[in-house]
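The values are calculated or read from the model by the stated rules, or taken from the named source; none is laboratory data. Since the structure is predicted, the reported quantities are computational estimates derived from the model, not experimental observations. Note: ideal-geometry Cβ built from the backbone for every residue, glycine included; neighbour counts use all protein chains shown. Just the protein is used for accessible areas: all its heavy atoms, side chains included, with ligands, DNA and RNA removed. Shrake-Rupley method; radii C 1.70, N 1.55, O 1.52, S 1.80 Å.
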Amino acid sequence: AWGGSDPPRHPKLRAVLEPLFAAAIANAPDLVAKAAEPILDKASQTGRMELVYDYALPVPSNVLFSILGIPDDPMVRGGLVRWVTAIVAAHDLQQSPRVQEAGVTCSMALDTYIDGLIHQNMEQPQPGLIGAMCKAVDDEFTADDVQACCADFVVAGYLSTTFLICTGIRNLLANPKQLRALSDDHD
């Protein structure tokens, strides 16, 4: 999505983004705990949890959305996850035209939502990476750059962690000795 980020522009954009991103993720461990603890508490009480939909998808997505400064509204965040799911599915050229059209529609919806967040943050910056990027807008780092970064973060920012959690659990279940060693190591 970020067509203008090849050198020599890339180092300039990176110079703006790196310190903003570093500051934005400084409290990531607290955000992870805030997102994970209620899910794990519920699983502890019920004795069960569906790994992907109850944990591996909501924890990373909510952490990312908090870092970005997306409102903590389950309807908004759930909608974003559904849009991302459709966008990712549409990247598979073997999918039906209907799936590809849904992905394009969701991509437009995501872009429109992000435009609204940027407009709001340009007028009055909110806490989070989007607000910090909007404060940094100048002749070198434009609102279009903020839009492209936000779209990239939302679409590509949490699914790799979702997949990593699932793969890690699968591998532990396939290797009982490793699972036992991890369970025995309380550190």
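Here is a check on your reading of the model: is Pro74 without any contact (Cβ under 8 Å) to a residue 24 or more places away in the chain and either open to solvent by less than 60 Å² (accessible area, probe 1.4 Å) or closer than 25 Å to Cys134 by Cα (or both)? When the stated conditions are applied, Pro74 passes them. Reported count of residues in the stretch 133-145, each being open to solvent by less than 50 Å² (accessible area, probe 1.4 Å) and either modelled with pLDDT of 95 or more or not in a helix (DSSP H, G or I) (or both), is 6. Filtered by the rule that a residue be of a type in the set (D, E, K, R), farther than 29 Å from Ile118 by Cα and surrounded by fewer than 14 Cβ atoms within 10 Å (Cβ to Cβ), the stretch 27-71 gives Glu37, Asp41, Lys42, Arg48, Glu50. Whenever a residue of the stretch 1-25 is under 12 Å from Val146 (Cα atoms), it has no partner that is open to solvent by 70 Å² or more (accessible area, probe 1.4 Å) and modelled with pLDDT under 90 lying with C-beta atoms less than 7 angstrom away and at least six residues away or across chains. Among the residues making up the stretch 164-187, a single one is touching a residue at least 12 places away in the same chain (Cβ under 8 Å) and either open to solvent by 50 Å² or more (accessible area, probe 1.4 Å) or not in a helix (DSSP H, G or I) (or both): Ile169. Do you know which residues across the stretch 81-115 are part of a loop (DSSP other than H, G, I, E, B) and without any contact (Cβ under 8 Å) to a residue 12 or more places away in the chain? The answer is Asp92, Leu93, Gln94, Gln95, Ser96. Is one or more of the residues making up the stretch 79-86 more than 28 Å from Asn27 (Cβ to Cβ) and modelled with pLDDT of 95 or more? Yes, the stretch 79-86 contains at least one residue that is more than 28 Å from Asn27 (Cβ to Cβ) and modelled with pLDDT of 95 or more. Flag not set for Leu13, criterion: at pLDDT below 95 and under 20 Å from Ile70 (Cα atoms).
Against the numbered list (1) out of contact with any Cys (no Cβ under 7 Å at 6 or more places or on another chain); (2) within 14 Å of Val155 (Cβ to Cβ), Arg48 comes up short only at (2).
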